[in-house]
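Here is the structure we will look at.
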Amino acid sequence: MGKIVDMLFELKEYRYVKPFRIAHNVADSSTNLEVTLILENGVEGKGEAAPSYRVNGERIETFMSLRDFILGEIKGLDVRNYRVIFKIMDGLRCAPSVKAAVQYAVLDALSVECGVPVYQLLGGARDHVETDKTVGIGTLEEMVEEARKLWREGFTLIKVKVGEDLREDIRKLEAISDATKGAKYIVDANTGYTVKEAITFAREMHARGIDVVVFEQPLPAEDIDGLKIVRFNSPLPVAADESARTRYDVLRLIKEEAVDFVNIKLMKSGISDALAIVEMATTANIGLMIGCMGESSLGISQSVHFASGTGVFMYCDLDSFLMLEEKEFRGKFRRDVNKLIPT
Ligand code: MN
């Protein structure tokens, strides 16, 4: 039997190795919530929530107060009937990352209970995924140096943060691509551009032959009309991240034909909405990538298993654990340079 009898909430702070700067935002640390579900037979399942105020409107300070309520809703339920628990957690709209952590902890407990890794419970489509690594906003010289280092380490897909200064961003991408010939790039403006700036940026990349495979979130999250204009005037594939939090956001993006790609993050949608988005996007022939917030190795494990199990992600941006100071690696996966292998 896989009945839930208890659940522990614990806060953990992780410092970034160096401050992580994106358009109009900088992070020094990530305070995450660790969830441990305990089953009647003593089996434990773990999940991690990495909250985002900027994207989800979440505050970590509110998380501890949710524990008793959530436990009250799911206590006595069996993790084998995980859809029942997922449905209950869908009601927790105020804290999508907590929904993700609890839903994942349910799958993790089920996985231990059955002796089958989560990625195989989810379908076992692939036995590994490949991640990019991100270059945050800095001076042109700092960004080129960082990109060169990643390219030498073996990261063939490099994510570059832009969105504060169009002309400067174009110069940075030009310099980075000169220093890392053969690499592919995901460029993420984190809502920093206007429609005209976004179209200009995309055309300049294309004209210079810079291999940008995804142009992420050029516009403010709510500007779906603008996103559609960018999509149809951009030679680069356009992705929604901040605009695509729940299954309902993605349904609208698909109906409006506003994007080429959706960036799924478990921290925005939980497991249940991520599964729904996978089905909608693959059916509508929209490309998928998977990203992260400030997850430690424990939290990234969730996305490694999700991405490997479903096997639908063209690009993975699961690098936060490489940017945080962590005393102990706790993910259920191995890393070989850019390969993440679920275990
Ligand atoms: Mn993004």
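Sequence-distant contacts, meaning Cα pairs under 8 Å at least 6 residues apart, place the relative contact order of the chain at 19 percent. Between Asp68 and Glu44, the FRET efficiency estimated from the beta carbon spacing at R0 = 22 angstrom works out to 0.70. Rounded to the nearest 20 debye, the dipole size of segment 38-174 about its Cα centre is 300 debye, using +1 on the Cβ of Lys and Arg and -1 on the Cβ of Asp and Glu. The lysine pair count for segment 4-115, using Cα distances under 22 Å and pairs eight or more places apart or on different chains, is 8. For the chain, the longest piece that avoids every one of the trypsin sites (Lys or Arg not before Pro) found in DSSP loops with at most 14 other C-beta atoms within 10 Å covers 209-326. A straight chain from Arg80 to His24 at 0.36 nm per residue would run longer than the Cα-Cα distance by 15.8 nm. Here segment 4-115 is treated with +1 on each Lys and Arg Cβ and -1 on each Asp and Glu Cβ, and its dipole about the Cα centre works out to around 520 debye. Charges on Cβ only, +1 for Lys and Arg, -1 for Asp and Glu, centred on the Cα centroid of the chain; of Thr246, Phe306, Leu71, which one is farthest towards the dipole's positive end? Checked the options; the winner is Phe306.
Karplus-based coupling profile of segment 259-264, in residue order and whole Hz: 9, 8, 9, 10, 9, 7, with θ = phi - 60° in 6.51 cos²θ - 1.76 cosθ + 1.60 and x standing for Gly or Pro.
Sparsely packed loop sites in segment 204-311 (the GluC sites (Glu not before Pro) outside DSSP H, G, I, E and B with at most 11 other Cβ atoms within 10 Å) comprise Glu222.
Which residue fluctuates most in the GNM of the chain (Cα springs below 10 Å): Leu39, Leu227, Leu11? Judging by the Gaussian network model, the answer is Leu11. The relative contact order of segment 4-115 comes to 31 percent, based on Cα pairs under 8 Å that sit 6 or more residues apart.
Surface exposure of segment 121-342, expressed per residue as accessible area with a 1.4 Å probe, stands at 38 Å². Here the chain is treated with +1 on each Lys and Arg Cβ and -1 on each Asp and Glu Cβ, and its dipole about the Cα centre works out to around 440 debye. Debye-formula intensities of segment 4-115, expressed as log10 I(q)/I(0) at q = 0.12 Å⁻¹, are -0.44 (one equal scatterer per alpha-carbon, no solvent). Calculated [222 nm] ellipticity per residue, helices only, for the chain: -12000 deg cm²/dmol; basis is -39500 (n - 2.57) per DSSP H run with n ≥ 4, divided by all residues, nearest 500.
Projecting the Cα positions of Tyr82, Gln120, Pro96 onto the charge dipole of the chain (unit charges on Cβ atoms of Lys, Arg, Asp and Glu, taken about the Cα centre) puts Gln120 furthest along the positive direction.
Put the Cα centre of segment 306-343 next to the Cα centre of segment 228-257 and the gap is 26 Å. Restricting the calculation to alpha carbons of the chain gives Rg and Dmax of 19.6, 62 angstrom.
Look at the dipole of segment 267-343 built from charges on Cβ: of Thr343, Ala274, Met289, the Cα furthest out on the positive end belongs to Thr343.
For segment 49-206, the relative contact order is 16 percent, taking Cα pairs closer than 8 Å that sit 6 or more residues apart in sequence and dividing their mean separation by the residue count. Roll a 1.4 angstrom probe over the protein heavy atoms and tell me the percent of accessible area of the chain that is carbon or sulfur. C and S atoms contribute 49 percent here.
For segment 262-278 versus segment 73-152, the spacing of their alpha-carbon centroids is 9 Å.
The values are calculated or read from the model by the stated rules, or taken from the named source; none is laboratory data. Please read these numbers as outputs of a predicted model, since none were measured by experiment. FYI the Cβ positions are ideal-geometry reconstructions off the backbone, even for glycines, and counts take in every protein chain you see. The protein model used for the area step is the full one, side chains on, heavy atoms only, and it has no ligands, DNA or RNA in it. Shrake-Rupley method; radii C 1.70, N 1.55, O 1.52, S 1.80 Å.
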